[in-house]
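Notes to accompany the following structure.
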Amino acid sequence: MWRCKKCGKYISVLAIAPTLYKAYLNKNKKVVDYEDYIEIDFTNAKITKIFCEECKKSGNLEDIAEWVEE
């Protein structure tokens, strides 16, 4: 999962699909479901914000986060 470089917590993503939806990005930067990490058809999802809820850091994915295998 994508984790914050600053604090190590999970990165959250706000995406419009077609309504605002809290989600995560998988390793291939595809939007996946927040609750149970099951991929859902978000083919037309538009990411509106990438952020860390813990330290409030936001911005470009590669600038604020790193992929960590679990």
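The T48 and K5 beta-carbon pair, evaluated with R₀ = 35 Å, returns a calculated FRET efficiency of approximately 0.95. The distance between label points at K56 and K29 comes to 2.8 nm (points 7 Å beyond Cα on the Cα→Cβ vector).
Since every read-out is calculated from the coordinates, none of them should be taken as a lab result. Please read all numbers here as calculations on a predicted model, not as lab measurements. Every residue, glycine as well, gets a Cβ built from its backbone with ideal geometry; the counts of neighbours run over all protein chains shown.
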